[in-house]
1. Looking at (1) surrounded by 14 or more Cβ atoms within 10 Å (Cβ to Cβ); (2) within 16 Å of the ligand (Cβ to nearest atom); (3) of a type outside the set (Val, Ile, Thr), which is the one condition that is false for Leu166?
2. Pick out the one residue from Cys126, Cys135, Cys139 that is near the ligand (Cβ under 8 Å from one of its atoms), hydrophobic (A, V, I, L, M, F, W, C), touching a residue at least 12 places away in the same chain (Cβ under 8 Å) and closer than 23 Å to Leu12 by Cα.
3. Whether any residue in region 48-60 is hydrophobic (A, V, I, L, M, F, W, C), part of a strand (DSSP E or B), over 21 Å from Ser25 (Cβ atoms) and touching a strand residue (DSSP E or B) at 6+ places or on another chain (Cβ under 6 Å) is what I want to check.
4. For region 1-45, name all the residues that are part of a loop (DSSP other than H, G, I, E, B), within 22 Å of His64 (Cα to Cα) and within 13 Å of the ligand (Cβ to nearest atom).
5. In region 74-106, which residue that is away from the ligand (no atom under 11 Å from the Cβ) and surrounded by 18 or more Cβ atoms within 10 Å (Cβ to Cβ) is nearest to the chain's Cα centre (by Cα)?
6. Among helices (runs of 4 or more DSSP H) lying entirely in region 67-176, which contain 3 or more residues that are within 25 Å of Trp23 (Cα to Cα)?
7. Quickly run through region 118-148 and pick out the residues that are of a type in the set (D, E, K, R) and either loosely packed, with under 14 Cβ neighbours inside 10 Å or closer than 13 Å to Met33 by Cα (or both).
Amino acid sequence: MQQLERAVLRPLEERDLDRIAGWDSDSELAHMMGGVPISIEESRGRYLKMLNDRNSLVMAIVDHSGRLIGDIELTEIAWRSGDAELSIKIGDPAYRDRGIGECAVREMLFIAFERLGLRRVYLRVCSDNLRAVRCYKKCGFRREGVVKRRLGPDDQVRVVTLMTILRSDFMNMQAVS
Ligand SMILES: CC(C)(COP(=O)(O)OP(=O)(O)OC[C@H]1O[C@@H](n2cnc3c(N)ncnc32)[C@H](O)[C@@H]1OP(=O)(O)O)[C@@H](O)C(=O)NCCC(=O)NCCS
């Protein structure tokens, strides 16, 4: 196992949106995310909406020098049931495979369970995105099931895995580490 490189989360700000929009227009990254590339305007609109939505929390991922390298989101926060969906992208490829994703996901789970008092965090990941699946497993997510979906610009059939982690699982992991 690799040494975890520190990632720091801070609240996303409007000044971050141009850099994020650049990543959102990248077709290779969109494929990994199971989506399609989107325009600068669409990306800005999506993030501005999240920043003003009490059912979403979006954080910037920055490196030790404060450089923006990605973002991580909790969306569809259901305050009554305590569920939320997690999504992450490290936009700058040079920062992938260095343990930063694991660190960022763990920090976001801490926020979800300890600060927001949520009960369950789930995510959807394309099953062929082995790096992402591995990263989520390292953070304690378990596979709940798979579905086939038509995704991307070509409506390609892809297998999507649903993964979840409960507050109790996360707390147990914290206690033993
Ligand atoms: C997915 C993502 C968040 C993971 O973050 P990361 O910092 O790259 O991941 P980590 O370094 O913490 O962990 C990656 C793990 O996958 C492993 N891995 C990398 N490529 C792999 C592959 N092809 N097959 C199997 N495992 C692989 C690494 O060895 C590492 O495991 P290890 O620590 O046991 O050695 C990041 O790569 C990313 O943003 N990718 C682009 C967008 C994306 O795919 N988002 C997720 C959409 S659901």
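What follows draws every value from the coordinates through simple rules; no lab data is involved. Computed from a predicted model, the values in this text were never measured in an experiment. Using ideal geometry, Cβ is built from the backbone for each residue, glycine included, and neighbour counts are taken over all protein chains shown.
1. Failed condition: (2).
2. Cys135
3. yes
4. Met1, Gln2, Gln3, Leu4, Glu5, Arg6, Ala7
5. Leu74
6. Of the helices (runs of 4 or more DSSP H) lying wholly inside region 67-176, those with at least 3 residues that are within 25 Å of Trp23 (Cα to Cα) span 100-110, 130-138.
7. Arg124, Asp128, Arg131, Arg134, Lys137, Arg142, Glu144, Lys148
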